[in-house]
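Undergrad: Sharing a structure here in structure tokens format.
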Amino acid sequence: MILDLQHIYKDYQQDKLVVPVLKDICLQVKEGEYVAIMGPSGSGKTTLMNIIGCLDRPTSGTYELAGEDISKYKDKDMSNVRLRSIGFVFQSFHLLPRQSALENVALPLSYAGVKKKERKELATRALERVGLGDRLNFKPTQLSGGQKQRVAIARAMVNNPRILLADEPTGALDSKSGKQIMELFETLHEEGVTIVMITHDKAIASNAKRVVHIIDGEITQGDREVSDE
């Protein structure tokens, strides 16, 4: 089991009020699975993504990543988990505008202490993997929305993370580019990448092999396999 969240609660303090956001979340994801977590705005799906991505901590409950209980990790250890085990893809790409596609993709390798020559080789390979081998030196302003998201996916995958965590990955794209990104996710899944995708869009969620529904901070009984038919 690559992800194992048990009895996760998350509360926020607003003045003197305690606001519950996640309530008794239990979620398991096997290695190589392609799972969509689907819910409307305010359902708690982004908070859940932040906990899975080690960007936030639960108020209570346990979270095991690849068999390691990371619930009580210190901040530095959480940073290492994010760097080496989780690749992030965001709706708004989060690319550095003055850096080339190659430089953007190589950035996580720099943080990981990889030498410059190897960084360039690995980043080039990652961009080729997403079909952008001819755009290595293009700046984000020279790329379409779909191409920017491909750069972001290459950056997310360059460290060979255990999990690809995608937050509304087609939210800023037109329908054609969105379809191409979903096709790329399908290819990565077929290569054995574990994908957890956060979305409010039923059509996008249907690309995953399993859909988990979250409403009002709780996972409903709608967790289901998606038919291949």
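Undergrad: For region 128-149, give me the residue count where each residue is under 18 Å from F90 (Cβ atoms), under 19 Å from the mean Cα position of the chain (by Cα) and in a helix (DSSP H, G or I).
TA: Selection size over region 128-149: 5.
Undergrad: Among the residues of region 64-79, what is the count of those that are crowded, with 16+ Cβ neighbours inside 10 Å and either over 23 Å from A208 (Cβ atoms) or free of Cβ contacts under 8 Å to residues at least 60 places away in the same chain (or both)?
TA: Residues in region 64-79 being crowded, with 16+ Cβ neighbours inside 10 Å and either over 23 Å from A208 (Cβ atoms) or free of Cβ contacts under 8 Å to residues at least 60 places away in the same chain (or both): 4 in total.
Undergrad: Can you find a residue in region 65-75 that is closer than 30 Å to K30 by Cα, in a helix (DSSP H, G or I) and either of a type outside the set (K, R) or touching a strand residue (DSSP E or B) at 6+ places or on another chain (Cβ under 7 Å) (or both)?
TA: Yes.
Undergrad: How many of the residues in region 100-127 are assigned to a loop (DSSP other than H, G, I, E, B) and more than 30 Å from K45 (Cβ to Cβ)?
TA: 4
Undergrad: Scan region 5-42 for residues that are crowded, with 20+ Cβ neighbours inside 10 Å and assigned to a loop (DSSP other than H, G, I, E, B) and jot them down.
TA: Residue satisfying the conditions is G39 alone.
Undergrad: Please count how many residues of region 58-102 are closer than 18 Å to M157 by Cα and of a type in the set (K, R).
TA: Result for region 58-102: 2.
Undergrad: Going by the conditions given, is A152 assigned to a helix (DSSP H, G or I), open to solvent by less than 30 Å² (accessible area, probe 1.4 Å), in contact (Cβ under 8 Å) with a residue 60 or more places away in the chain and not acidic (D, E)?
TA: For A152, the condition - assigned to a helix (DSSP H, G or I), open to solvent by less than 30 Å² (accessible area, probe 1.4 Å), in contact (Cβ under 8 Å) with a residue 60 or more places away in the chain and not acidic (D, E) - is met.
Undergrad: For F93, indicate whether it is at negative phi, open to solvent by less than 80 Å² (accessible area, probe 1.4 Å), at pLDDT 90 or above and under 16 Å from the mean Cα position of the chain (by Cα).
TA: Judged against the criteria, F93 is not a match.
Undergrad: Further, regarding this structure: Check whether at least one residue in region 112-128 is at pLDDT below 95, open to solvent by 40 Å² or more (accessible area, probe 1.4 Å) and within 25 Å of L65 (Cα to Cα), and report yes or no.
TA: Yes - at least one qualifying residue is present in region 112-128.
Undergrad: Same structure again: Name the residue that is nearest to the chain's Cα centre (by Cα), counting only residues in region 19-54 that are under 15 Å from T194 (Cβ atoms) and β-branched (V, I, T).
TA: Top of the filtered list is I52.
Undergrad: Test each condition in (1) assigned to a strand (DSSP E or B); (2) farther than 27 Å from N207 by Cβ; (3) open to solvent by 30 Å² or more (accessible area, probe 1.4 Å) for G61 and report the one that comes out false.
TA: Of the numbered conditions (1) assigned to a strand (DSSP E or B); (2) farther than 27 Å from N207 by Cβ; (3) open to solvent by 30 Å² or more (accessible area, probe 1.4 Å), the odd one out for G61 is (3).
Undergrad: Also, I was wondering about something else. Looking at (1) over 18 Å from P97 (Cα atoms); (2) exposed (fewer than 15 other Cβ atoms within 10 Å of the Cβ); (3) without any contact (Cβ under 8 Å) to a residue 24 or more places away in the chain; (4) not small (G, A, S), can you tell me which one Q142 breaks?
TA: (1)
Undergrad: Being at pLDDT below 90, in contact with a helix residue (DSSP H, G or I) (Cβ under 7 Å, 6 or more places away or on another chain) and either under 26 Å from G146 (Cα atoms) or open to solvent by 10 Å² or more (accessible area, probe 1.4 Å) (or both) is the requirement here; does L83 meet it?
TA: In short, yes.
The values are calculated or read from the model by the stated rules, or taken from the named source; none is laboratory data. As the structure is a computational prediction, the values presented were derived from the model and not from experiment. Reconstructed Cβ throughout: ideal geometry from the backbone, glycine too, with neighbour counts over all protein chains shown. SASA here: full protein model, heavy atoms, side chains in, ligands and nucleic acids out. Shrake-Rupley method; radii C 1.70, N 1.55, O 1.52, S 1.80 Å.
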